[in-house]
Amino acid sequence: MIFQTGTMESTCDKCGAPMNCAATEALIYGRHRWDLECTCRSCGNAQHTGGPAPVPQYVRDAILSSNTPSRISVSSEGGSGAALLKALRSINGGSIAEAKAAAEEMREVGREGTKVEIAMIKEALDAAGVGTLVSHPSED
């Protein structure tokens with residue numbers, strides 16, 4: 001299991017006071033999911049939402065604002081360019097031109113994301129025979 005958490009604030013739908021929220025993204029037995037649990041500081045109202053990927057942008061933003069992003073790049077033994085393009089198209093979708101731009105970015109500067117996003121990209125690139133370098137600057 002790989003997971004990462006973050007915090008954010010929301011507004012209580014019962015009393016309008018601020019709510020403390022815990023955002024989580026996880027990869028559990030190969031399943032990508034997210035959860036958001038909020039508790040009102042004033043009235044005690046509690047809310048939970050979550051589900052399978054895709055992770056809502058506000059949950060991703062909360063995780064990234066609470067943690068240093070993880071980074072992945074192609075190693076010097078990165079494998080064939082065709083394998084990288086094919087893997088990136090399977091990860092991102094999109095056109096061949098978009099995959100070429102993503103491959104160039106991966107070679108030059110890498111890609112940042114949540115710990116779970118980077119783990120999923122690494123898994124796909126490893127399966128395609130593309131060597132990678134990964135850093136997770138902060139550990140939960």
- Task: Quick one: what are the phi-derived ³J(HN,Hα) couplings along the stretch 103-112, Karplus 6.51/-1.76/1.60 with θ = phi - 60°, whole Hz, x for glycine and proline?
- Result: 5, 4, 4, 4, 6, 7, 10, x, 9, 9
- Task: Rounded to the nearest 10 degrees, what's the angle between the helix 81-92 long axis and the longest principal axis of the chain, both from Cα atoms, 0 to 90?
- Result: 20
- Query: What do you get for Rg/Rh over the stretch 8-140 if you use C-alpha atoms and the Kirkwood form of Rh?
  - Reply: 1.09
- Please give the per residue accessible area of the chain, computed with a probe of 1.4 Å over protein heavy atoms only, in Å². 56
- Query: Per the helix-only calculation at 222 nm, which mean residue ellipticity applies to the chain, given -39500 (n - 2.57) for every DSSP H run of n ≥ 4 and division by its residues, nearest 500 deg cm²/dmol?
  - Reply: -10500 deg cm²/dmol
- Item | Computed over the chain: relative contact order in percent, which uses C-alpha pairs under 8 Å that are six or more apart | 24
- For the stretch 72-140, report the translational diffusion coefficient in µm²/s to the nearest whole number, using Stokes-Einstein at 25 °C, 0.890 mPa s, and a Kirkwood Rh over Cα pairs. 206
- Query: For the chain, which whole-number percentage of the solvent-accessible area (1.4 Å probe, protein heavy atoms only) is attributable to carbon and sulfur atoms?
  - Reply: 52
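The values are calculated or read from the model by the stated rules, or taken from the named source; none is laboratory data. This is a predicted model, so every value here is computed, not measured. Note: areas computed on protein heavy atoms with side chains; ligands, DNA, RNA excluded. Shrake-Rupley method; radii C 1.70, N 1.55, O 1.52, S 1.80 Å.
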